[in-house]
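To start, the structure itself, in structure tokens.
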Amino acid sequence: MTRLADRLGLALPLLQAGMGAVAGPELCAAVSRAGAGGTLALYKEPPARAARLAREVAAATSCPFGVNVVPEVTGPATCLDQLRAVLPELPRSAFVTSFGLPDADAAQAVQAAGHPLVIQVGTVTEADAALGQGAAVLVLQGTEAGGHLLGRLPVDRLLADVRARHPDAVLAVAGGIATGGDLADAIARGADGAMAGTLFIPVAESTAHPTFKQRVIEAVADDTLITSLFHIGWPHRPHRVLRNPLVTADQRAPATFIATTRVDGREHPIPRYSAAAPGNDTTGRIEEMAMYCGRSCTRVTARHPAAVTVARLRQEYESARGPRTTSPSPANGTPARTSGSRKPTRIQER
Ligand SMILES: Cc1cc2nc3c(=O)[nH]c(=O)nc-3n(C[C@H](O)[C@H](O)[C@H](O)COP(=O)(O)O)c2cc1C
């Protein structure tokens, strides 16, 4: 279908982003069974638990899926420990995605185990380095994306720059993808596929907190903004989130505990300004927590099961790839054409 789909063995050239607090085994397996690249977030999971979660996915799907590491958060030693625990649990067809450049040891461990390494980058320099590390696929993240941001360029600009330097690289874009029309447009502009995160926050199998899901469904692009406010646990990395009372406040409130999340029966307190997103096991002042969300939220409208979301996107993509009349995207990164439902007003979507 495209080089991305061929390389990773997918029916559709779309990866679901690994997302802490959102992308557990159920979401990963459901997206994978639907033919896209379901991905399990390992984020800060201790190695033994990470291995157990990967086993759960492997038992629930026979289609390719990925596991996602965030070396910048775990540090290189823990990232390697996670991989050493998880890699033996993966079927041959699995892939590993990394948010930012992994350490050389981590990259080697993935490659020695025979799995394609997918590296998400935000700059041309990082793209060069990721290919130097042997990445099978690069994910080019633009500033439209939800979550932590690796660069400062809109996605179209980054794609054009990296494609010009690396005509044969397998490139997926991240940021601004929520419909099959978005995906088809990205491919028409030189990508081999895409990664989407925000699209999957509200789906039935996602473990995002119900309030987080609802806010994404209601939001339009201008309800998101880039901030550095939610720095505790992941400093020095700007992130795109939904506006909330903390983001718009004139004065900083103290970084006291505002919520609790439960993992394997143990309670973990969450301070105000924590990087942790609210999951379905979180209680407390959910509205004050970091709700990562991309500008694509404008076109995210439903809480369907993942299979329905992926099937809809596939249908839109296939019909958009019929006879094409699309002109190149304008310089501001607004997609030239999209399909799927939109949110003319927030009230209508409620
Ligand atoms: C709620 C949320 C959590 C995220 N967590 C991670 C993560 O744990 N690892 C990672 O590689 N990327 C993470 N990302 C970023 C995605 O990899 C990707 O860049 C982004 O979702 C693409 O933009 P979109 O959300 O507009 O589709 C996260 C994004 C969101 C929205």
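The values are calculated or read from the model by the stated rules, or taken from the named source; none is laboratory data. If you're wondering where the values come from, they're calculated on a predicted model, not measured in any experiment. Don't worry about glycine lacking a Cβ; one is built from the backbone with ideal geometry, like all the others, and counts go over all protein chains shown. To get the accessible areas, we keep the full protein, side chains included, count just its heavy atoms, and leave off ligands, DNA and RNA. Shrake-Rupley method; radii C 1.70, N 1.55, O 1.52, S 1.80 Å.
Look at residue 308 and say whether it is open to solvent by 30 Å² or more (accessible area, probe 1.4 Å), farther than 27 Å from residue 121 by Cα and within 16 Å of the ligand (Cβ to nearest atom). For residue 308, the condition - open to solvent by 30 Å² or more (accessible area, probe 1.4 Å), farther than 27 Å from residue 121 by Cα and within 16 Å of the ligand (Cβ to nearest atom) - is not met. Selection of strands (runs of 3 or more DSSP E) fully inside segment 148-238 by the criterion of at least 1 residues being more than 13 Å from the ligand (Cβ to nearest atom) and either open to solvent by 20 Å² or more (accessible area, probe 1.4 Å) or of a type in the set (A, V, I, L, M, F, W, C) (or both) returns 171-174, 224-227.
Annotation note: of 253, 259, the sole residue that is of a type in the set (Gly, Ala, Ser) and not in a loop (DSSP other than H, G, I, E, B) is 259.
Restricting to segment 262-275, what's the tally of residues that are open to solvent by less than 30 Å² (accessible area, probe 1.4 Å) and within 16 Å of the ligand (Cβ to nearest atom)? So the count comes out to 3. Of all residues in segment 118-129, those satisfying the criterion of being within 14 Å of the ligand (Cβ to nearest atom) and buried (at least 22 other Cβ atoms within 10 Å of the Cβ) are 118, 119, 120, 121, 122. Here's a check for you: in segment 278-300, which residue that is over 21 Å from residue 254 (Cβ atoms), out of contact with any helix residue (DSSP H, G or I) (no Cβ under 6 Å at 6 or more places or on another chain) and assigned to a loop (DSSP other than H, G, I, E, B) is farthest from the ligand (Cβ to nearest atom)? So the residue we want is 281.
Mind checking whether some residue in segment 239-252 is within 16 Å of the ligand (Cβ to nearest atom) and open to solvent by 60 Å² or more (accessible area, probe 1.4 Å)? Looking for residues that are within 16 Å of the ligand (Cβ to nearest atom) and open to solvent by 60 Å² or more (accessible area, probe 1.4 Å), one finds at least one in segment 239-252, hence yes. Within segment 11-29, none of the residues are surrounded by fewer than 17 Cβ atoms within 10 Å (Cβ to Cβ) and farther than 23 Å from residue 203 by Cα.
Across segment 63-85, the number of residues qualifying as under 21 Å from residue 195 (Cα atoms) and open to solvent by 50 Å² or more (accessible area, probe 1.4 Å) comes to 1. Evaluating residue 11 against the criteria (1) within 28 Å of residue 233 (Cβ to Cβ); (2) more than 9 Å from the ligand (Cβ to nearest atom) leaves one unmet condition, (1).
Which residue, of 326, 248, 334, 301, is closer than 19 Å to residue 199 by Cα and at pLDDT below 90?
334
Kindly provide the set of residues from segment 73-93 that are within 16 Å of the ligand (Cβ to nearest atom) and in contact with a Gly (Cβ under 8 Å, 6 or more places away or on another chain), ordered by number. Once the filter is applied, which keeps residues that are within 16 Å of the ligand (Cβ to nearest atom) and in contact with a Gly (Cβ under 8 Å, 6 or more places away or on another chain), segment 73-93 yields only 73. In the list 172, 204, 145, 164, which residue meets the criterion of being within 15 Å of residue 295 (Cα to Cα) and modelled with pLDDT of 95 or more? Sole residue among the options that is within 15 Å of residue 295 (Cα to Cα) and modelled with pLDDT of 95 or more: 145.
Among the residues making up segment 265-303, those that are on the phi < 0 side of the Ramachandran plot, of a type in the set (Gly, Ala, Ser) and out of contact with any Asp or Glu (no Cβ under 8 Å at 6 or more places or on another chain) are 274, 275, 276, 277, 279, 290, 302.
Tallying residues that are more than 15 Å from the chain's Cα centre (by Cα) and open to solvent by 30 Å² or more (accessible area, probe 1.4 Å) within segment 285-301 yields 3. Please list, ordered by first then second residue, the pairs with beta carbon atoms under 8 Å, 6 or more apart or interchain, first in segment 202-224 and over 17 Å from residue 305 (Cβ atoms), second open to solvent by 30 Å² or more (accessible area, probe 1.4 Å) and part of a helix (DSSP H, G or I). Matching pairs, first to second residue: 211/287; 218/346; 218/349; 219/346; 220/346; 221/295; 224/295. Return yes when residue 88 is surrounded by fewer than 18 Cβ atoms within 10 Å (Cβ to Cβ) and modelled with pLDDT of 95 or more and no when it is not. Here the answer is yes, as residue 88 does meet what is asked.
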